[in-house]
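Sharing a structure below in structure tokens format, with a few things to ask.
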Amino acid sequence: MVSNYYPGDKNYDLELNIMSFLEEKQEEDSTSEVLIKPVCTGDRLIIAGSGNVALNIYKIAAILGYSITVIDHRAETLTRERFPEASELLLGDIVELMRACDISETTSIVLVTYNHEFDEPALQTIIKSPARYIGVLGNKRKVTAYFSRLKTLGISEELINRVHIPIGLDLGGELAADIALAAVAEIQAVKYGRPGGFVTIKHINKEFVEHDDLF
């Protein structure tokens with residue numbers, strides 16, 4: 001059997017163990033049936049909204065290997081044709097569906113609902129979750145209003161400060177694809193604990209440092 005992952009990938013050892021287990025079972029009894037419940041250990045992205053920005057976020061995140069859930073109340077845009085590689089398409093009450101989601105420390109959440117209609121109530125629902133990243137599409141006026149109401153609800157400054165509003169790194173551009181690229185770039189920066197600025201050589205270390213081969 002050939003692994004779908006490479007050494008160093010967090011799924012690599014898990015898959016090798018499963019492969020080894022299956023091979024042992026096949027050797028013991030070629031007629032035995034083995035049932036394995038898959039365990040998702042990778043990064044998950046939940047997108048609330050299925051408009052153009054959401055679609056472009058989905059496309060970029062899919063390339064990066066995210067398990068993607070898209071939630072919306074609009075059946076005309078939440079389709080398998082638009083989101084063929086999504087793990088889940090959840091149609092219905094956005095806030096209730098968001099509340100029911102299993103959110104962990106490897107989950108990123110983007111709120112880009114139609115006309116911002118459900119962004120704020122969805123944010124209030126998930127702000128206390130352990131999500132690694134929470135981002136909301138909005139302008140300065142909306143940001144001020146959202147944060148003001150969160151404080152009124154007794155949400156701590158620590159929780160409020162972890163919300164990224166408006167969403168995305170400052171890359172420029174106003175097209176849906178521009179905004180999506182900035183959003184996913186910010187998600188990646190948070191994932192890897194990076195500031196999201198230009199890559200530069202701050203200083204040259206003259207001391208000898210051993211490196212692995214790079215090429």
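Readers should treat all values here as calculations from the given coordinates under stated rules, not as data from a laboratory. None of the values given here were measured: they were computed from a predicted structure. Backbone-built Cβ (ideal geometry, glycine too); neighbour counts: all protein chains shown.
Does segment 44-191 classify as rounded, prolate or oblate by the C-alpha gyration tensor (a ≥ b ≥ c root eigenvalues; a/c under 1.5 gives rounded; else a/b over b/c gives prolate, otherwise oblate)?
Numbers: a/c = 1.45, a/b = 1.27, b/c = 1.14.
Rounded shape, in that the Cα axes give a/c under 1.5.
Ok, one more. Hey, rough spin-label estimate for E96 and E174, points 7 angstrom out along Cα→Cβ, what's it come to in nanometres?
Going from the E96 label point to the E174 one covers 3.8 nm.
If I stretch the segment between A145 and S87 completely, what's the gain in nm (0.36 nm per residue apart, minus their alpha carbon distance), one decimal? Write out the running numbers ahead of the final one.
Values: separation 58, 0.36 × 58 = 20.88 nm, distance 3.32 nm.
Between A145 and S87, full extension yields an extra 17.6 nm.
Still on this structure, please answer the following. Please give, to one decimal in nm, the separation of the simple spin-label points placed at E157 and I63, each 7 Å out from Cα toward the Cβ.
Placing both labels 7 Å beyond Cα along the Cβ direction yields 3.9 nm.
Hey, another quick one. Quick one: which of 94-100, 174-180 comes out on top by average Cβ neighbours within 10 Å, and what's the full order, highest first? Provide the component values of the computation, followed by the final result.
Values: 94-100: 17.9, 174-180: 15.6.
Those peptides, ordered most packed to least, come out 94-100, 174-180.
Between R74 and Q124, how high is the FRET efficiency from 1/(1 + (r/R0)^6) when r is the Cβ-Cβ distance and R₀ = 22 Å? Nearest 0.05.
Approximately 0.55, to the nearest 0.05.
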